[in-house]
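Below is one structure, written out as structure tokens; comments come after it.
Computed from the coordinates by the stated procedures, all read-outs in this text should not be read as laboratory data. Bear in mind the structure is a predicted one, so any value in this text is a computation, not a measurement. Backbone-built Cβ (ideal geometry, glycine too); neighbour counts: all protein chains shown.
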Amino acid sequence: MKRPYVIVNCAMSADGKIALPTRKQLRISSDEDIERTYKLRNECDAVLVGIDTVLSDDPKLTVKAKYVKNPKQPLRVVLDSKCRIPKDALVLNKSAKTLIITTMDHKHIAGEHVKVVGCKADVNGHVDLECALELLYRKGVKKLLVEGGGTIIWGFLEKRLVDDLYIYIGPCVVGGKTTPTVADGLGIKREDELITLKIVDVSRLGAGILTHYKMIQ
Ligand SMILES: NC(=O)c1ccc[n+]([C@@H]2O[C@H](COP(=O)([O-])OP(=O)(O)OC[C@H]3O[C@@H](n4cnc5c(N)ncnc54)[C@H](OP(=O)(O)O)[C@@H]3O)[C@@H](O)[C@H]2O)c1
């Protein structure tokens, strides 16, 4: 299967949480990590999130010129099986191109900057990740940045579709049994299903720690 190089990037608290217990956005990254993330975004051909991140955070997913001179604005990709994206979502604004990958045939949000493409569904009725990656590769996406949330990251990890994983650990604790974490979804069932990683680098960044892993296939 021909697919893009997949980089996952995410910021978590010391207890592994990536948002507030209400699922609302929480700033965990330091200024230095925010700058690193914008630079990483700009190096990639596309930035991908799940629809629930769009619904909870309403991100623009663009690269700010404050951090990167003449940003190239990678393609914004939303995995949205049932086409739940609101028409006024910021990710649909004209600052960059956007691709909605869905399993349904809803073209109501398509426009000059926004394309909606159909993809097969997986056994759970979500966008099939391998199919989505093949589709992106055919569209010229050779390097893909996956930014979350926990359900989508779990999906990529579970299917072993991750090459690099960057986790920024902020010096804070959020708590909460159902607070989103880096990898949600169903998790593994048995110890022999453990998803193993290799540590490439660990460094201090601002007030926190940046960890860089590679996935052991
Ligand atoms: N700290 C950080 O770095 C960071 C970054 C991003 C987000 N977040 C936080 O993460 C939270 C949102 O994460 P989340 O886990 O609730 O949602 P999510 O991962 O953003 O989106 C999950 C949704 O994506 C859709 N989807 C499409 N294809 C899928 C597939 N193959 N597998 C799984 N899902 C698929 C599903 O809805 P359909 O079936 O309807 O398509 C699913 O409900 C928010 O609280 C946000 O603030 C934190």
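Numbers at a glance
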read-out	value
Pairwise FRET efficiency - residue 216 versus residue 15, Cβ, R0 = 25 Å, nearest 0.05	0.50
Mean Cβ count within 10 Å, highest first, over the residues of peptides 32-44, 58-70, 181-193	32-44, 58-70, 181-193
Computed Rg/Rh of segment 5-215, alpha carbon atoms with Kirkwood Rh	0.94
Set 72/94; 2/139; 82/189; 64/94; 17/159; 39/69 screened for pairs whose C-alpha atoms are more than 18 Å apart	82/189; 17/159
Share antiparallel - DSSP beta bridges, the chain, percent rounded to 5	35
Distance in nm between pseudo-label sites at residue 142 and residue 31 (7 Å out along the Cβ direction from Cα)	3.5
Distance (nanometres) between label positions extended 7 Å along Cα→Cβ at residue 202 and residue 24	3.4
Nearby lysines by direct alpha-carbon distance to residue 87 (threshold 19 angstrom, same-chain neighbours under 8 apart not counted)	60, 97, 107, 115
Segment 86-157: trypsin sites (Lys or Arg not before Pro) in DSSP loop, at most 11 other beta carbons within 10 Å	87, 94, 120
Contour excess over end-to-end distance, with Cα ends at residue 67 and residue 188 and 0.36 nm allotted per residue	39.7 nm
Summed side-chain charge close to residue 178 - residues other than residue 178 whose Cβ falls under 12 Å, Lys, Arg +1, Asp, Glu -1	+2
Value of [θ]222 nm, deg cm²/dmol, for the chain, DSSP H segments ≥ 4, -39500 (n - 2.57) each, nearest 500	-5000 deg cm²/dmol
